[in-house]
Amino acid sequence: MSGMSSYAFSALLEKMTNADTDYRYMALNDLTADLSKDNVKLDDRLSDVLVNAVLKLVNDKNAEVQNMAVKTLGPLIKRISESKIDGVIDKLCAMASQTQEDSLRDLATMGLKTVFSELPTANETELVVAVNVCKRITPQLIDILQNPKASYETQLEILDLLSDILFRFGSSMKADGLVPIQKALIPLLTHPRPAVRKRAVVAIGNLAAQTPEELFEKMISQLLNDVKTTKSQDQLKTLVQCLGNLSRNSAQRIGKHISEFVPQLLQYTKKTDDDELRDNCLQSLELLVLRCPTEITPYIDETIQHALTYLRYDPNYAADDEGEEEEAEQDDAMDADEDDDDDLEDEEEDIDYSDDDDISWKVRRSSSKLLAAVIATRIESLPMLYNTVAPVLISRFNEREESVRLDVLQTFIGLLRQTYIASSGSRALAIADADDVTFGDEDRIKRIKGDGHSVVPMETEERELVNVLQGGLENQISLLRRPIQAPLAASTGDHHHSTTTSNLKIEVLAFLRQLFRTHAPRTLQPCVGVLALVVIQCAAEKFHKIAAEAFLVCIELLKVLRPINYDVNTNTYTAHQVDASVAPLIHSVYDTSVSRLSVADVDQEVRERAIVCLGTVLSQSADILAEKQVDAMKLLLERLENEITRLPSIKTLSMVVRSPVCDNNVIRDQLLSSFDLIVSLLRKSNRHLRIATLSCVDEIVKKFGKSLSMGQNSQLLKELRPLVTDNDLHLLPLTLRVIVSMLHGNPSSADLIKTEIMPSVLVLVRSPLIQGAALDALLSLFQAFVRSSPADFHGLLAGLLQPTEQPSFAVNQGGHQFNRQSASTIAQCVATLCLNSQNEAGSTINGLADKLKDQNAPTGEKYVALLALGETGRTMDLSHIPDLPTAILGLFDSPSEEVKSAAAFALGNISVGSGEVYLPIIIDGIQTDKKKRYLLLHALKEVIARYSKGKEGAVLEEQADKIWTLLFETCDTDDEGTSNVVAECIGKLTLTNPYKYLPELQKRLHSSSPQTRGMVISALKFTFTDQGQSYDELLKPLIVEFLSLMQDSDLNVRRLSLATLNSAVHNKPYLIREVLNQLLPLLYQETIVRPELVHEVQMGPFKHKVDDGLEIRKAAFECMYSLLGNCLEKIDVFAFLDRVLLGLSDEHDVKILCYLMLNRLEVVASTAVTQRLDAAAEPLKKTLDHKPKGNAVKQEVEKNQELVRSALRCIASLARLSDPLTTPKFDHILKDIKKGPWANIYAEAERDRDDREFLD
C-alpha cells in the first residue's frame, strides 16, 4: 500500500464498527474519498478486511449507511484483485437471491450494478479481468431470473444488469456463454408483467448484436414462429417490439428475414383494433425503414400508405365540431412528454377503456415518425413524397395533440431540408406542384399562431420552405402578416414565458430575414410597413440575441424599402424612388443603429451588426438622410480606430462607397479626410482585415481617385509595395487591382507607380506561382500602364525579357533549370504590351520573329518568343512577317520538348488570327509529315479551340469537313498522346456545327475498331465542356447510347466512357439526371474488382501483381464522387453507399476517393451513413493497422502515411454519427484511435474539421 498508511485505514475500520450511525456513515464517506485518490494501493490482507467491512455495512440497520456502503463498492472494486472481486460478486449475488429481506435484496442488486459500472477496462489486462467477472456472474444472474420465488423488482434489476453486461462485454464473451443467456431471456417475452417483457426486449437486442450467426438464426426463427402462432395480444405486442429492437441492433442480419414478417406487421397495422399493437407495429416499421432501407424497399409504398392513413387516424374526434374539439382538448389526460418506459405506470393502467384513455395520438405520432424515416432514407423519391406525403402533412398542421403536432411539423421540416440538400439550395429540383405547398387558410394560421409550443417549429418550417423554394410565398404574404407581427410585438417581461418568447422572436426574425431576401420588394409592400415597425422595436431590445437577429432583418428590410437593381449586362445600378411613407422607417432604422452604437456596454455581436446596418442605411438611402450623412460617416470612421470593430467597419465602408446613391461630396470629403487612416490598416497583421481594406481602397480609388492628392497616392503606393509579392496569392490580385484602378482614375499617377511598384512587378513575373486571378490582374496592370504611359514601353519590354537572357533560364531537354509557368507569364505580359501599343508592336513582333531564325539565340529566348508570338497572333494578323511559318516549323525539330510544344502553340494561335495563310499549312502537314503530325495536331487543336462565329471562324468552317475526315483517318493509333489530341480536336470541331457532326459521331459509335469507338466517346467528353445549351436537345437523346460503351469489351473504351460520364456530370448534370437509372447499374458494375484482370508480372527475381482493371475502377469512383455533388436527388443513397463501402477495401487511390465521398455523405445523407457505419469500421481499421514492409522505399511509406491521414480525417467526420448503442464496432475503433498511436493525428483531423465548419 502507498499514499496512505495502514494506520489511517485501521482508524476508518474502527469507526465502521462503531455503534454510532454517524461514525459509520462518515467512515464510509472518508473511505470512498480515499479510495478515489490515484496513489492508493491495497495489499491482500487489507483488501480482505475492507471488503468484509463494507459488505457487512450493506446489511446495516440504517438506510443511509447501507446506501453509502453500496456507493463505496465502486472505488473499492478498482483497488482489489480479480479473486477479491469474485468474492464480492458471490456475496452480492447471494444477498440478491435470498427472499427474506426485500431491502437487502434491492441493495444487493444496486451493489452489483455499481460494481459493473465501475469495472476498469482501460487496458487489455483490465478488460480480461472484467470479462472473467462477467463469466462468473452470468450463471448466477440466470439462476436468479429463473427462480420462481424471485420478486418482480429483482427480475427487473437483474435484467437491467444483464443488458449492461451484454452491451459492454458481450463482444468479448464466447458463444457457449451466450447460449444460456438466450435460453433464459426468450421465455421472458411471455411474462405476465409488461415491465419484465420490456426489459427482456432490451436485453435480447443487446444479445443479438453480439451473438454468433447460428445462435441468431435460432433466435429469429423462434421469434418469427411465435409471431405467427401466438394468440395473446399482449405477447404479440412484445414480439413486434422485439423484432423492431433487433433491427436497431442487428440490422444486416434481420434484413434477410424481412420478407417473413413485414407483411404481417403491415397486416396487423391495418386490421387490428388494438391501438397499442398498431403503435408497436408502426414503431417497428420505422426502425426497419431506418436500419434496413434496401431490404424493405419492396414494401415501402405500402408502408407509406399505412403511415398516411394512420397519420389522420383520430376515431374520437370530429374535426368539424368546435365544441367537441375544445372538450377533447380539455379532457385529454395524456401527457405529450410522458415516459413510455415508466414500468410502474404500465402496471397501474386501467384495463377498462374510455375516452379519457384514448391513445390514438400515439398511433398518429408513430405514423409521423415513420414518414420522417422514409423521408430521411429516400432522397431519390422526393418528387413522389411531395405528391403524396406533403399534402397530408400540411393537412395535419392543425393536429389537436401538441406532441403529435410537433412531430408533424418536424417531419415536414425534414422533407424541406432533404429537398434543400438534394437541390444544393437552388430551384434545381423540380418540386411537384410547388404552388400547392401552402400553409392553408387564414383560420389554420391563426390556430397555429396561438400555441406557444408549436410556433417555433412552425416558423422553422416556414424558413426552410423559403430556403427550398427561394421564395414561393408571394400569395401568402397577407396571411402571414399577423402570425409574424404578434410574437414580435409580445413582451419578454413575463418570467415564466420569457425564454419561450425570446426563442420564438429569434425564430420569427430568422424567417422574416429569409422572406425579405428571397421575395421581390413589390410582393412585400402590403405588409412591409407594419412589419418594419416591430422589427425596429426588436432591434432596440435588451436581449442581445434578439437585437442581433433584428439588425440582420433590418439590413434586408432596407433593401426592400429602397431597392437598388444591378444590371449585369451594362454593369450599372438603378436606384428606385423612395415613397414618402417609407422615409420615416428608414430614419427609424438609422436612429436605432446610432443609438445602439452610442452605448458603451453593448454586446459585441449587436455592435457589429449595428455597424453593418448603419452602412446599409447609407448605401441604400444616403440621399434620404441628407444632413445625417456626415454623422453616420463619422461614426463609421471612428470605429476604424477600435481594433474590435475595424473589420466590420471597413467592410461596411466598402459597401457604402460602392453604392450609386453615395456618389456625393459629403461621402467623398469624409472618406478622403480619413484616407490615410484607411490605408494604414494595410500594415496590420490581420489578414482578413488587409483583404477587406484592399477591397475598400479599390472602391474609393475607382470612385474618387481623381480627388486624391499626390501625397495620398504616394502614401498608398508605399503601403501597397510590400504586398506586390507571391507570398500571399489572395492579397496579390487585390493589390494589383487597386493599382490598375489608380491608373484608370488618375493616369498621371503612372510616374509614381513606375518608381514605387514596377520594379517589384518585374521581379514578380518570374514567379512560377503567378496564375489564375493573380495573372489576370497582372496583365490588366501592364495593359493599363502602357496605355497611361506609352513612352515606357521599351523599358517594360526590356525588363520583361531580361530574365530570358540569363543562362539560368536556358531550356534543356530535362527541363531542370526551366520553369514553363514563369516563361508563359512573361510571354503573356509581352503580348499584352504589344496589343496595347500599336506604334511599337510591329517592331517588337519582328524582333521576336528574328529570334526564331537566329541559330545562336538561347533556347529560353526562343521559347518565350514563340509563346509571345502565339499570344499576339491570336488577335493580330501576322501573315505579313516573312518566313515566319518556316521558322516555326523548323523548331519542330528542336532537341527541346518545351520548344517543340511552344512552336505548336505559336503556330496554332497565329493561325487563329491569320487562318487563310496558316491553316492550310497545318492541314497539309498532318497529311504528309507523319514525323511532325503530333505537334501539328496540337496546333490544329489550338485553332479549333479558339473558334468563334464570324470572320475569324469563316476559314475554319470552310475547311471543317476536310479536317473531320483527316482526324478520323489518323485516329487508328495506339499512341495515347496522339489519341487524346485527336479526340479533343474532334470534340471541339463537333461544337462548331453539332447538328452536322453529332450524327456523324453516332454512326461511328459501333465501329469494329476499338480505337475508333474510344475516339468517339472521348470526343464526346470534350463537347460537354462547352457551357452553351444551343445543342443540348440534340445531345440529350443520344446520351444513353453513347455512354453504354461503359460495357464495351475493350478496357480502354470502358475507361474513356467513364471519363466522359464524369465530364457530363461535372459540366451538364441536367442532361443525365433523367437517365441515371439506366447508367448507374453500368457504373456500379465497374467498381467491382475483377480477378481475371489481375495477373503477375516477373520483374527480375521478383513477382509483381498488376491489376488491369484498377484504372477503370478509379474512373468509376471519380464519377461517383462527381454524382454525389451534382445529382444526389437521383441516386439511391443506400445502393451508392454499398459501392463506397466496397471501395474501402480497394487500392490506395480508390480508398482516398471513398473517404472523400464518406465525408460528403456524412453531411448530405447522415441517416444512411449511420446505418452502414459499422460496415465501414473494419476496412478503416485495416487501413490504419497496415504497416509498410521494412524494405519499403520512401515513396511507399509516404503514400501509406497519406492514406492513414485521409482515413483519420474521414473517421473524424463520421465520429459525429457514432453511437455506442447503434454503431458499437465503429465506436470501439474510435476509442482505440483516441488512445492509440494515431491519437495526435486524429486530434489534428478533428481540429481541421472544426475549422472547416467554422469557415463555412
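The values are calculated or read from the model by the stated rules, or taken from the named source; none is laboratory data. Every value quoted in this text rests on a predicted model; they were computed, and no experiment measured them. Note that we place each Cβ from the backbone using ideal geometry, even for glycine, and neighbour counts take in every protein chain shown. In case anyone asks, the SASA skips ligands and DNA or RNA and just uses the protein heavy atoms, side chains included. Shrake-Rupley method; radii C 1.70, N 1.55, O 1.52, S 1.80 Å.
Worth a mention:
- Scanning the stretch 878-897 turns up one or more residues that are among the hydrophobic types (A, V, I, L, M, F, W, C), in contact with a Ser or Thr (Cβ under 6 Å, 6 or more places away or on another chain), within 25 Å of Leu835 (Cα to Cα) and not in a helix (DSSP H, G or I).
- Residue check for Ser621: without any contact (Cβ under 8 Å) to a residue 40 or more places away in the chain, surrounded by 21 or more Cβ atoms within 10 Å (Cβ to Cβ) and under 39 Å from the mean Cα position of the chain (by Cα): no
- Test: Glu1033 is open to solvent by 40 Å² or more (accessible area, probe 1.4 Å), more than 23 Å from Tyr918 (Cα to Cα) and under 34 Å from the mean Cα position of the chain (by Cα): yes
- The residues on offer are Lys149, Lys84, Lys91, Lys71, and the sole one that is surrounded by fewer than 21 Cβ atoms within 10 Å (Cβ to Cβ) and part of a loop (DSSP other than H, G, I, E, B) is Lys149.
- Residue satisfying all of: in the stretch 521-551; open to solvent by 40 Å² or more (accessible area, probe 1.4 Å) and hydrophobic (A, V, I, L, M, F, W, C); nearest to the chain's Cα centre (by Cα) among these: Phe543
- Residues within the stretch 1193-1213 that are among the acidic types (Asp, Glu) and modelled with pLDDT of 90 or more, tallied: 1
- Residue check for Ala130: among the small types (Gly, Ala, Ser) and either on the phi > 0 side of the Ramachandran plot or free of Cβ contacts under 8 Å to residues at least 60 places away in the same chain (or both): yes
- Flag for Glu1198 being open to solvent by 30 Å² or more (accessible area, probe 1.4 Å) and either touching a residue at least 12 places away in the same chain (Cβ under 8 Å) or polar (S, T, N, Q) (or both): no
- Selected residue [among the aliphatic types (A, V, I, L, M), open to solvent by 30 Å² or more (accessible area, probe 1.4 Å), within 29 Å of Ala983 (Cβ to Cβ) and at pLDDT 85 or above] from Val1089, Val1053: Val1089
- Cβ-Cβ under 8 Å pairs, at least 6 apart or on other chains, the stretch 162-190 side within 21 Å of Met110 (Cβ to Cβ), far side at pLDDT below 80 and open to solvent by 50 Å² or more (accessible area, probe 1.4 Å): Phe167/Pro1220; Phe167/Leu1221; Arg168/Thr121
- The stretch 1057-1081 - residue that is aliphatic (A, V, I, L, M) and open to solvent by 20 Å² or more (accessible area, probe 1.4 Å) and, of those, farthest from Val1140 (Cα to Cα): Val1075
- Within the stretch 862-877, being open to solvent by 30 Å² or more (accessible area, probe 1.4 Å) and part of a helix (DSSP H, G or I) holds for one residue alone: Glu871.
- Close Cβ contacts (under 8 Å, 6 or more residues apart or on different chains) running from residues in the stretch 835-852 that are open to solvent by 50 Å² or more (accessible area, probe 1.4 Å) to residues that are of a type in the set (Ser, Thr, Tyr) comprise Leu835/Thr872; Leu835/Thr875.
- Only listed residue being closer than 25 Å to Lys706 by Cβ, surrounded by fewer than 22 Cβ atoms within 10 Å (Cβ to Cβ) and touching a residue at least 12 places away in the same chain (Cβ under 8 Å), chosen from Gln783, Gln771: Gln783
- Matching helices (runs of 4 or more DSSP H) fully within the stretch 319-427 where at least 1 residues are farther than 30 Å from Val196 by Cα and at pLDDT below 80: 322-331, 402-422
- Boolean, Val1106 is without any contact (Cβ under 8 Å) to a residue 40 or more places away in the chain and either touching a Gly at 6+ places or on another chain (Cβ under 7 Å) or surrounded by fewer than 19 Cβ atoms within 10 Å (Cβ to Cβ) (or both): yes
- Extreme residue, surrounded by the fewest Cβ atoms within 10 Å (Cβ to Cβ), among residues of the stretch 624-654 that are over 36 Å from the mean Cα position of the chain (by Cα), assigned to a helix (DSSP H, G or I) and of a type in the set (A, V, I, L, M): Val630
- Residue among Gln222, Gln233, Gln155 that is surrounded by fewer than 15 Cβ atoms within 10 Å (Cβ to Cβ) and in contact (Cβ under 8 Å) with a residue 40 or more places away in the chain: Gln233
- Which listed residue is farther than 28 Å from Leu533 by Cβ and either assigned to a helix (DSSP H, G or I) or not assigned by the TED database to the domain that holds Phe551 (or both), from Val657, Val612, Val617: Val657
- Listed by first and then second residue, the pairs linking a residue in the stretch 26-40 that is in a loop (DSSP other than H, G, I, E, B) to a residue that is charged (D, E, K, R), with Cβ atoms under 8 Å apart and 6 or more places separating them unless they lie on different chains, are Val40/Asp34; Val40/Arg79.
- Tabulated pairs, the stretch 384-397, first free of Cβ contacts under 8 Å to residues at least 40 places away in the same chain, second open to solvent by 10 Å² or more (accessible area, probe 1.4 Å) and among the basic types (Lys, Arg), C-beta under 6 angstrom, 6+ apart or interchain: none
- Restricting the stretch 743-759 to residues that are open to solvent by less than 30 Å² (accessible area, probe 1.4 Å) and either in a helix (DSSP H, G or I) or without any contact (Cβ under 8 Å) to a residue 40 or more places away in the chain (or both) leaves a set whose member that is farthest from Gly711 (Cα to Cα) is Met758.
- When Tyr1155 is tested against (1) buried (at least 18 other Cβ atoms within 10 Å of the Cβ); (2) farther than 30 Å from Glu380 by Cβ; (3) modelled with pLDDT of 90 or more, exactly one condition is not met: (2).
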